[in-house]
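The values are calculated or read from the model by the stated rules, or taken from the named source; none is laboratory data. In this text the structure is predicted, and so the values were computed from the model without any measurement. Virtual Cβ from ideal backbone geometry, glycine too; neighbours counted across all protein chains shown.
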Amino acid sequence: MWEKVAENRTTERFPFEEEVTFLSPREIIGRSVDIGAGGIGVEIPEPLQAGEAVELKILEGHAIVYGTVRWARPQEGKFRVGIQFREEDWNVIELVLSLRSQEG
């Protein structure tokens, strides 16, 4: 179910596909690609700039997280962005795992 995404990061990221709502800097609906205690990868329909502060609603509204866009690039008609959380948030991963176990 959870495979480590092989990239150069300080915390592990795991595949995670869910709807994500950016609450700031403006409302954008996207889809997560992967998540970890240190951040989240998201595909969105419009660009954001590296360095922008963001507020995200994830896990079907069960969590609000704050972070910074670390990188952004166009990808197949969308934009892929890497968000670093303000602080490593292991509670997010625990919540993801808890919700996943309830599904199965």
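I need every pair where a residue in region 50-72 that is within 14 Å of residue 30 (Cα to Cα) and among the acidic types (Asp, Glu) has its Cβ under 8 Å from the Cβ of a residue that is crowded, with 17+ Cβ neighbours inside 10 Å and modelled with pLDDT under 95, sequence separation at least 6 or different chains.
From residues that are within 14 Å of residue 30 (Cα to Cα) and among the acidic types (Asp, Glu), the pairs are 55/65.
Filter region 1-51 down to the residues that are closer than 19 Å to residue 62 by Cα and part of a loop (DSSP other than H, G, I, E, B), then identify the one that is modelled with the lowest pLDDT.
It comes out as 37.
Across region 52-90, what is the total count of residues that are part of a loop (DSSP other than H, G, I, E, B) and on the phi > 0 side of the Ramachandran plot?
2
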